[in-house]
Amino acid sequence: MPVFHTKTIESILEPVAQQISHLVIMHEEGEVDGKAIPDLTAPVAAVQAAVSNLVRVGKETVQTTEDAIMRRDMPPAFIKVETACTKLVQAAQMLKGDPYSVQARDYLIDGSRGILSGTSDLLLTFDEAEVRKIIRVCKGILEYLTVAEVVESMEDLITYTKNLGPGMTKMAKMIDERQQELTHQEHRVMLVNSMNTVKELLPVLISGIKIFVTTRTSQGKGVEEALKNRNFTVEKMSAEINEIIRVLQLTSWDEDAWASKDTEAMKRALAQIDSKMAQAKNWLRDPHAQPGDPGEQAIRQILDEAGKVGELCTGKERRDIVGTAKTLGQLTEQVSELRARGQGASPVAMQKAQQLSQGLDVLTGKVENAARKLEAMTGSKQAIAKRIDGAQSWLADPHGGPEGEENIRALLGEARKIADLSEDPKEREDILRSMGEIAGLTAKLSELKRAGKGDTPEARAKAVANTRPTKAAVHLEGKMEQAQRWMDNPSLDDSGVGQTALRGLVAEGRRLANALPASQRQGLLGKCEEVEHLMAQLAELAARGDGDGPQARAVAQQLQDTLKELKGKMQEAMTQEVSDIFSDTTTPVKLLAVAATAPPDAANREQVFEERAANFENHAGRLGATAEKAAAVGTANKSTVEGIQAAVKSARDLTPQVVSAARILLKNPGNQAAYEHFETMKNQWIDNVEKMTGDTLLSDFVQNLTGCIRSIRPTNDRHAFKCNLLVLVLCFLVNKKFNACMEMCLCVFLQVCERIPTISTQLKILSTVKATMLGRTNISEEESEQATEMLVHNAQNLMQSVKETVREAEAASIKIRMDAGFTLRWVRKTPWYQ
């Protein structure tokens, strides 16, 4: 199948597809209307010349390239294109003698399809070779990052910086050129974000190495903390470069069915494990290697990554991976302790090192197996998602044809794959039981439809029983909507989704109440209990068959009113927590800086530092927890929530590094390198926290903040000050966001507009490919299904892009009204495409 993930490939394939589509139309006119095909000698000669030129350039490239994979993959593509071109020439010659020749028409279609497919293969092989060039540069940087572990003098640091700089510049330039070439906006964003992170971390890395070198050479204190800072930055940069390598190899993007984040997290963990394994094995093989060396750090990183994978698994598999990682961690401690005592070459130490080495291999195998299973399960879930709409349409249509039944059979096949992969016997049994029920209902419904009884009450009951249940919502607004649907019609069987949403809201309310003062806690808990009581009443009435009666309607109305009050109290509680925590985010880190720079003769210097370090860590933890709660309780969209979660994770990772940098400064008073390093780490932490708090405060949850603040009646000057301070912070953030609003709107609007012509071109190419397969007997069923699937998905992506363009255009046309009486509006300018 053709691929067009770069603008170059697309620009070459598009005119080829255009010409082939004309040939297909002429072929169909001859087949259906009996028209003679005109003389094609001239256009086919032009195609032959273009193909010959492409093959010649390809062969010259193969002769000079050192890429063994390219030398292997190019010849089959050459043969494919040349064979197709020969068929096309033969077809033109035969049609010149007999414009009605059936064999010539077959040659015409087969040759056209072969040229399009072969040209795509050639271009893809070229493109893959270019990607491998970039990956080689990225891997070179990855390897050179590990050299940071042996930099022990300022001369080494100068040499290291001089060597690293050009490589980083080259990688950044290649990534920038590559992202501009890509047609998938999502891939471009991922590459740019990862590359920007690497650029931001580069000065942090140099600062970390510098402070390590200065403390080590001056026999100063804090070498261990400096080592942690340096290793942390190296790991972060390595992870981002590995992510760049992964994204570079992607060639497709489905708007609706992208692989789950768990699968991608497992792949990243596997890449990290693979990159650290050789270093870990070298440390284990050397009985004289010291504890704390990079090799031991590599082992601990491998175990950490394996633990992350284990947390993503379930049941026995999770226990197995997590338990193995824990056991190997204990074994690592034993080996390290023996080597610290100088007994690394003893038989016991050698045996334990061998056991640890073998255990790492076993653990890696388990992690790889878990990743394969999760990827297979994700594939099955995506296949189900692609067919579910067709199945639902068939269930809703009383006169639906057999294709809907085929969709359901395919769904059941994918469900069986998921059941086979499940480690939980109960879960497997539930899936198989549901499959049996669905298969039985589908068979009966098919019989009724074939008998012309698809619109009878019995058939409608079968269709409703076969309908997919709604998945429980995660965030506040989603739960409110699901609860509202159930309250509007409690007699309708929604598989318990509405009541589950209500219970989730109550649980969230109680969790928020636990953090409130006693005076406010009782009010929120009382509303939670009232909602629970009314829900139980309504559920009981529905179970008795009185869900549509006057009593049920009265209870439902009372429940709706109480639920609104609960939502208001939850938002009020969350607003108060945000105002308490976010009103001052940087004072603890500033106090930590003051403690770290205290004069050596200051009283209780170290004790004060430890207290302020603990306060800073506690404050950072509260910031992250509050941001996560605000994201969960609020109505923020998915991208905003993910941004908050990423910023929280980054801030949590940086917090201990800031403390380590501060401790280095404390132990080395007056050291300029230590001061500069601490400032670098501190500023990076502040930047992350500002992003985290800014996204949280400006999420959809805080759109209702004005009303919540008005409802708060400050009882003293302290509360009034906090409330006013929060409003000032919000005003600053809103002003900052709106200053960038014009640029952001333009950027997003251009991106969605750009996707329409891009996907339209791709749809045209895929339509041509599919057209060359119609009625052909020499096409495999798998190839035909793949072409159809790609065509359908591309059409869906095009429709989604059109919807997004309409939405963004509507957003750009909104008039902003102000209390002062002024009105701001967007004025249409000349469109970008004219």
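Just so you know, all these numbers are worked out from the coordinates, no wet-lab data involved. In this text the structure is predicted, and so the values were computed from the model without any measurement. Every residue, glycine among them, receives a Cβ derived from its backbone with ideal geometry; neighbour counts consider all protein chains shown.
Put one equal scatterer on each alpha carbon of region 564-616, apply the Debye formula with no solvent term, and list log10 I(q)/I(0) at q = 0.16, 0.19, 0.20 1/Å to two decimals.
Debye intensities relative to I(0), on a log10 scale: -0.59, -0.68, -0.71.
Given a cut-off of 28 Å, name the pairs among Lys308/Lys569; Lys479/Lys527; Lys199/Lys366; Lys59/Lys87; Lys527/Lys649 whose C-alpha atoms lie farther apart than that in the structure shown.
Lys308/Lys569; Lys199/Lys366; Lys527/Lys649
When the gyration tensor of region 476-573 is built from Cα positions, what are the square roots of 5 times its three eigenvalues, in whole Å, from largest to smallest?
Value: 25, 13, 10 Å, ordered largest first.
Would you mind computing, in nm to one decimal, how far apart the modelled labels at Glu128 and Glu529 are, each placed 7 Å from Cα along Cα→Cβ?
Roughly 6.7 nm, to one decimal.
Whole-Å semi-axes of region 154-308's equivalent ellipsoid, largest first, each the root of 5 times a Cα gyration tensor eigenvalue?
Values: eigenvalues 204, 92, 30 Å².
Semi-axis lengths for region 154-308 are 32, 21, 12 Å.
Any chance you could get the radius of gyration and Dmax over the Cα atoms of region 7-124, in Å?
Computed over the Cα atoms of region 7-124, radius of gyration and Dmax are 15.4, 53 Å.
Under the 0.36 nm per residue contour assumption, what length would be gained going from the current alpha-carbon distance of Glu224 and Ala518 to full extension? Before the final figure, lay out the partial values.
Values: separation 294, 0.36 × 294 = 105.84 nm, distance 4.48 nm.
Difference between extended and current length: 101.4 nm.
What length, rounded to one decimal in nm, is gained on full extension from Leu250 through to Thr586, with 0.36 nm per residue of separation minus their alpha-carbon distance?
Full-extension gain reported as 116.9 nm.
Which of the peptides 297-310, 236-249 is most tightly packed, and how do the rest follow, judged by the mean count of other Cβ atoms within 10 Å per residue? Provide the component values of the computation, followed by the final result.
Working: 297-310: 22.3, 236-249: 19.8.
Output ranking for 297-310, 236-249: 297-310, 236-249.
Please compute the modelled spin-label separation between Glu481 and Glu427, points set 7 Å along Cα→Cβ, answer in nm with one decimal.
Between Glu427 and Glu481, the simple spin-label model gives 2.7 nm.
In whole percent, what relative contact order does region 476-573 give with Cα contacts below 8 Å and a gap of six or more residues?
Working: 97 pairs, mean separation 30.4, N = 98.
In percent, rounded to a whole number, it is 31.
Take the alpha carbon atoms of region 75-160, find their radius of gyration, then divide it by 2.2 N^0.38 Å using N residues; give the quotient. Please report the intermediate quantities before stating the final value.
Working: Rg = 25.9 Å, N = 86, 2.2 N^0.38 = 12.0 Å.
Here the Cα radius of gyration is 2.17 times the empirical estimate.
Taking the highest mean first, how do the peptides 427-439, 330-342 order by number of other beta carbon atoms within 10 angstrom per residue?
On the way: 427-439: 13.9, 330-342: 16.3.
Going from most to least packed, we get 330-342, 427-439.
Taking the Cα centre of region 7-124 as origin, sum charge times position over the Cβ atoms of Lys and Arg (+1) and Asp and Glu (-1), and report the length of that vector in debye to the nearest 20.
Computed about the Cα centre, the dipole is about 300 debye.
Can you tell me the order of 269-281, 369-381 when each peptide is scored by its average per-residue count of other Cβ atoms within 10 angstrom, highest first? Walk me through the numbers on the way to the answer.
Working: 269-281: 19.3, 369-381: 17.7.
So the peptides 269-281, 369-381, ranked by packing, come out 269-281, 369-381.
State the extension gain, in nm to one decimal, for the chain segment bounded by Asn193 and Arg71, taking 0.36 nm per residue of separation less the distance between their alpha-carbons.
40.6 nm
Once the Cα atoms of region 179-242 are picked out, what are the Rg and Dmax in Å?
16.0, 54
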